[in-house]
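Asks: If you scroll down you'll find the structure; I have some questions about it.
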Amino acid sequence: MKGSTKRWLADFSDNQRLLLAWPYRRDVWRDNALPAREVVAELARLVSHYTPVTLLVHPDYQGSVPKKLYDCCSVSVERYDDIWLRDTLPLWFSTQRQTSGIVFQFDGWGGVQAAVECDRALASELSLKLERSLSVCDLVTEGGTFTHNGQGIWLVGLSSIIQRNPSLSKEVIKKKLNDCFSGESLLFFEGALTADETQGHMDNMALFLNENTLIYAVTKDENHPDYTTCKRLAEFIELLPDSIQKVAVPLPKPLRSTRIERESLEQLQTSLNRTEELPLLCSYINVLQTDVLVVVPEFGLPEDAIALSIIREVLPDKTVLSVPARELVLGGGGLHCISHNLPELSDN
């Protein structure tokens, strides 16, 4: 980083707008995506009080967007396969007054989703519309496997990248990533939470909230299925410099869905078969954030209030709110997964 004009932009960097997408898939979102739409609509309204919001809407579903949403956010008609913008849109960096991005190859999270063509094209189409240059890394991975502090320190979920690139050795993967992020310090964690459909995304385990603060998942329950992974994660986090405040946040045991929550899903070959047996990952690490706001998920658990209190305490200068997020984990992700930050240049 030192002496370089390239600056990687973190979620909490200033002068950004927030991107969300309108749910529509009936094989991922129950009841014709109506409950998920309510969550996204409320989230868009909430965030718009603090940060500009743009809602991506598939052209086939423009008519389903409530008119009142047009009052609080801009709408951009785009083709996409699902709403997980964190994983399909670019990681952004600035060079003097130019903002550019880097994007990876996308395979639907190693086979979780078969419909991928629109998601593969979304980053390039959006960058073209915004007149921003885009480079492509030939590794298969997603944005949620990275978190960084905007000052050169990156945590990388190595396990999911290994799963996506079976023909490559760990050493080759690490070299490719170090080449992509030349000059940055990349720290690789190998491990995944048991209910994580992505098989190891970092944004479920650890996330930078600012350049000097990191939250990470922890459990002291030896009967927790993720006890060993969390113990290894804590040891990994301790490798970070002392200047980084390392904040432990409780990780609940995975939940189960109900028959009612699953019975209206259309079971198609285009997506993972979401049954009652599929565990639900409830991670408070998976937050939505901007430069002034953090939104923490609620799961209807006693840990909800604890997690909210912890994050509020370490971010006294930010607004920290919480919203129900069970609908999102029913679809396989969280608040960080569905959101993406788009830098806005001051001369635009």
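Asks: Given the conditions (1) within 30 Å of Val140 (Cβ to Cβ); (2) surrounded by fewer than 17 Cβ atoms within 10 Å (Cβ to Cβ), report the number of the one that Leu193 does not fulfil.
Replies: (2)
Asks: Report whether or not Val136 is among the β-branched types (Val, Ile, Thr) and over 19 Å from the mean Cα position of the chain (by Cα).
Replies: Numbers: among the β-branched types (Val, Ile, Thr): yes; over 19 Å from the mean Cα position of the chain (by Cα): yes.
Answer is yes for this residue.
Asks: Go through the stretch 97-131 and report how many residues are in contact with a Ser or Thr (Cβ under 8 Å, 6 or more places away or on another chain) and of a type in the set (Gly, Ala, Ser).
Replies: 7
Asks: Taking the criterion of being buried (at least 17 other Cβ atoms within 10 Å of the Cβ) and within 29 Å of Leu330 (Cβ to Cβ), would at least one residue in the stretch 168-182 satisfy it?
Replies: Checking the stretch 168-182: not a single residue is buried (at least 17 other Cβ atoms within 10 Å of the Cβ) and within 29 Å of Leu330 (Cβ to Cβ).
Asks: Got a number for residues in the stretch 281-324 being under 13 Å from the mean Cα position of the chain (by Cα), aliphatic (A, V, I, L, M) and either closer than 20 Å to Thr194 by Cα or not in a strand (DSSP E or B) (or both)?
Replies: Qualifying residue count, the stretch 281-324: 2.
Asks: Name the single residue, out of those in the stretch 232-254 being charged (D, E, K, R) and either touching a Ser or Thr at 6+ places or on another chain (Cβ under 9 Å) or touching a residue at least 12 places away in the same chain (Cβ under 8 Å) (or both), that is farthest from Phe188 (Cα to Cα). Walk me through it before giving the result.
Replies: So in the stretch 232-254, the residues charged (D, E, K, R) come out as 232, 235, 238, 242, 246, 253.
With either touching a Ser or Thr at 6+ places or on another chain (Cβ under 9 Å) or touching a residue at least 12 places away in the same chain (Cβ under 8 Å) (or both) added as a condition, the list becomes 232, 246, 253.
Details: Arg232: 12, Lys246: 17, Lys253: 25 Å.
Top of the filtered list is Lys253.
Asks: For Ala44, work out the one condition from (1) assigned to a strand (DSSP E or B); (2) without any contact (Cβ under 8 Å) to a residue 60 or more places away in the chain; (3) within 25 Å of Ile285 (Cα to Cα); (4) out of contact with any Pro (no Cβ under 9 Å at 6 or more places or on another chain) it doesn't fulfil.
Replies: If we test Ala44 against (1) assigned to a strand (DSSP E or B); (2) without any contact (Cβ under 8 Å) to a residue 60 or more places away in the chain; (3) within 25 Å of Ile285 (Cα to Cα); (4) out of contact with any Pro (no Cβ under 9 Å at 6 or more places or on another chain), just (1) comes out false.
Asks: Turning to a different aspect of this structure: Regarding Asp60, is this residue farther than 15 Å from Pro343 by Cα and surrounded by 14 or more Cβ atoms within 10 Å (Cβ to Cβ)? Outline the logic, then answer.
Replies: Working: farther than 15 Å from Pro343 by Cα: yes; surrounded by 14 or more Cβ atoms within 10 Å (Cβ to Cβ): no.
In short, no.
Asks: Which helices (runs of 4 or more DSSP H) does the stretch 74-130 wholly contain that include 1 or more residues that are among the basic types (Lys, Arg)?
Replies: 85-88, 117-130
Asks: Turning to a different aspect of this structure: Of all the strands (runs of 3 or more DSSP E) wholly in the stretch 185-248, which have at least 1 residues that are touching a helix residue (DSSP H, G or I) at 6+ places or on another chain (Cβ under 7 Å), farther than 21 Å from Val329 by Cβ and modelled with pLDDT of 95 or more?
Replies: Values: elements: 185-189, 206-210, 213-218.
Output list reads 185-189, 213-218.
For every residue, the table says whether it meets (1) modelled with pLDDT of 95 or more; (2) farther than 19 Å from Val39 by Cα; (3) not hydroxyl-bearing (Ser, Thr, Tyr).
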| site | (1), (2), (3) |
| --- | --- |
| Gln269 | no, yes, yes |
| Glu277 | no, yes, yes |
| Ile310 | yes, yes, yes |
| Val320 | yes, no, yes |
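Asks: Would you check if there is a residue in the stretch 65-73 being closer than 20 Å to Leu335 by Cα and among the aromatic types (Phe, Trp, Tyr)?
Replies: No, every residue in the stretch 65-73 fails to be closer than 20 Å to Leu335 by Cα and among the aromatic types (Phe, Trp, Tyr).
Asks: State which residue is surrounded by the most Cβ atoms within 10 Å (Cβ to Cβ) when the search covers only the stretch 312-329 and only residues that are within 23 Å of Gly200 (Cα to Cα) and touching a strand residue (DSSP E or B) at 6+ places or on another chain (Cβ under 7 Å).
Replies: In this case the residue turns out to be Ala325.
Asks: I'd like to know if the stretch 259-272 contains one or more residues that are under 22 Å from Leu43 (Cβ atoms) and either assigned to a helix (DSSP H, G or I) or touching a His at 6+ places or on another chain (Cβ under 6 Å) (or both).
Replies: Checking the stretch 259-272: at least one residue is under 22 Å from Leu43 (Cβ atoms) and either assigned to a helix (DSSP H, G or I) or touching a His at 6+ places or on another chain (Cβ under 6 Å) (or both).
The values are calculated or read from the model by the stated rules, or taken from the named source; none is laboratory data. As the structure is a computational prediction, the values presented were derived from the model and not from experiment. Note that each Cβ is placed from the backbone with ideal geometry, even for glycine, and that neighbours are counted across all protein chains shown.
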